[in-house]
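Reading through the structure tokens given below for one structure.
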Amino acid sequence: MLPDATTTAFVFPGQGSQAVGMGRELAAAYPEARQVFEQADQALGLALSQMAWEGPEEALNDTINTQPALLVHSVAALRVFQKRYPGYTPAFVAGHSMGELSALVACGALDYLSALKLVRRRGELMKMAGEIAPGGMAAILGLEIPTLEEVCAEASAPGEIVQVANDNCPGQVVISGARAALERAVEAARQRGARRAVILAVSIAAHSPLMRPAQQDFNRAVEAAALQDPFTPLVGNITAAPLHSAAEIRADLQGQLESRVRWTESVQAMAARGVTTFIEIGSGSVLGGLIKRIQRDGTTLTLGSPADFEALG
């Protein structure tokens, strides 16, 4: 059954939710979803749909492809929802990291093809920054934010910064920065009692100062994007607060590259304003799992496949 729109938020996944085969069944079942994939292939001049559906996995996991592929799947599922339930408007939208660009489409702040080109540029610039300033990221389980902030401060040194990158949910945090500082922080986290501390298989230090080489060009790309005031408030990643204007959204997008993703606070902000149901639109169910740990009495739904839509009714 469709939940009450006034107590529902749409949330959109970011990197880490991709998987070979993503969106293939959706495109086969719904013409409006297939059209979204076809438009992406044409706009980008590459067979993104084939990469998403058939791989190879290594190509899909390259950030310049991952980011647009995730947005395309999310928008394809969104278009299916909008055709089935015209006029349904959630109370809020939000996206995890690059998922915020998918959320922009959902709230009318940016048209689909403009969001697609911006997210592709974001991926290109982040990859470039990773080549100029190599770094890494690590997942830390079982330590709270204040402790990890202390760990990162102690592990950092001049020219070697590590910081909290993703506050995903209580007890699950990602840190990001220069490799040497990251390794020191991981060891210190273990000594502080982390249940798990593992360096991730990524070559970029997202949401850290190591993204600075990409900042100026990304700022220009965001400035050039035809952003509009949203018809539904968007909860921003770096403010964890509802954004109501194009100017507020532009500032949040530009700040993302080097700033923390405040996902825990974002979910709490929506719940504090009456949201009880979170619909994850796109690939996987990562966000649903995080939300369950943030807001235990909340309801989570996933919409990314024909089976999901059939279950919704």
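The values are calculated or read from the model by the stated rules, or taken from the named source; none is laboratory data. Bear in mind the structure is a predicted one, so any value in this text is a computation, not a measurement. Note that we place each Cβ from the backbone using ideal geometry, even for glycine, and neighbour counts take in every protein chain shown.
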(message) Could you tell me how many of the residues in segment 265-291 are among the charged types (D, E, K, R) and surrounded by fewer than 16 Cβ atoms within 10 Å (Cβ to Cβ)?
(response) 1
(request) Answer yes or no: is there a residue in segment 169-183 that is in the same structural domain as ILE294 (by TED's automatic domain parsing), within 17 Å of SER259 (Cα to Cα) and of a type outside the set (Val, Ile, Thr). (result) no
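Here is a check on your reading of the model: is ALA103 closer than 15 Å to PHE10 by Cβ and either buried (at least 23 other Cβ atoms within 10 Å of the Cβ) or at pLDDT below 95 (or both)? Steps first, please.
Numbers: closer than 15 Å to PHE10 by Cβ: yes; either buried (at least 23 other Cβ atoms within 10 Å of the Cβ) or at pLDDT below 95 (or both): yes.
It is true that ALA103 is closer than 15 Å to PHE10 by Cβ and either buried (at least 23 other Cβ atoms within 10 Å of the Cβ) or at pLDDT below 95 (or both).
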(request) May I ask you to list the residues in segment 301-313 that are touching a residue at least 60 places away in the same chain (Cβ under 8 Å) and either in a loop (DSSP other than H, G, I, E, B) or surrounded by 22 or more Cβ atoms within 10 Å (Cβ to Cβ) (or both)? (result) GLY304, SER305, GLY313
(request) Kindly list, by first and then second residue, each pair from a residue in segment 275-300 that is touching a residue at least 24 places away in the same chain (Cβ under 8 Å) to a residue that is acidic (Asp, Glu) and in a strand (DSSP E or B), limited to pairs with Cβ atoms under 7 Å and residues at least 6 apart or on different chains. (result) LEU287/GLU280
(request) Can you tell me which residue among ALA205, ALA224, ALA214 is under 30 Å from GLN39 (Cα atoms) and either surrounded by 22 or more Cβ atoms within 10 Å (Cβ to Cβ) or in contact with a Pro (Cβ under 7 Å, 6 or more places away or on another chain) (or both)? (result) ALA214
(message) Here is a list: ALA52, ALA9, ALA109. Which entry is buried (at least 17 other Cβ atoms within 10 Å of the Cβ) and assigned to a loop (DSSP other than H, G, I, E, B)?
(response) ALA109
(request) Any residue in segment 95-109 that's assigned by TED's automatic domain parsing to the domain that holds GLN256: show its pairings with residues that are of a type in the set (Gly, Ala, Ser) and part of a loop (DSSP other than H, G, I, E, B) at Cβ separation under 7 Å, as long as the two are six or more apart or on different chains. (result) GLY95/GLY14; HIS96/GLY14; SER97/GLY14; MET98/GLY14; GLY99/GLY14; SER102/GLY282
(request) Determine which single condition GLN82 fails, assuming it passes every other condition in (1) closer than 28 Å to ALA214 by Cα; (2) of a type in the set (S, T, N, Q); (3) assigned to a helix (DSSP H, G or I). (result) (1)
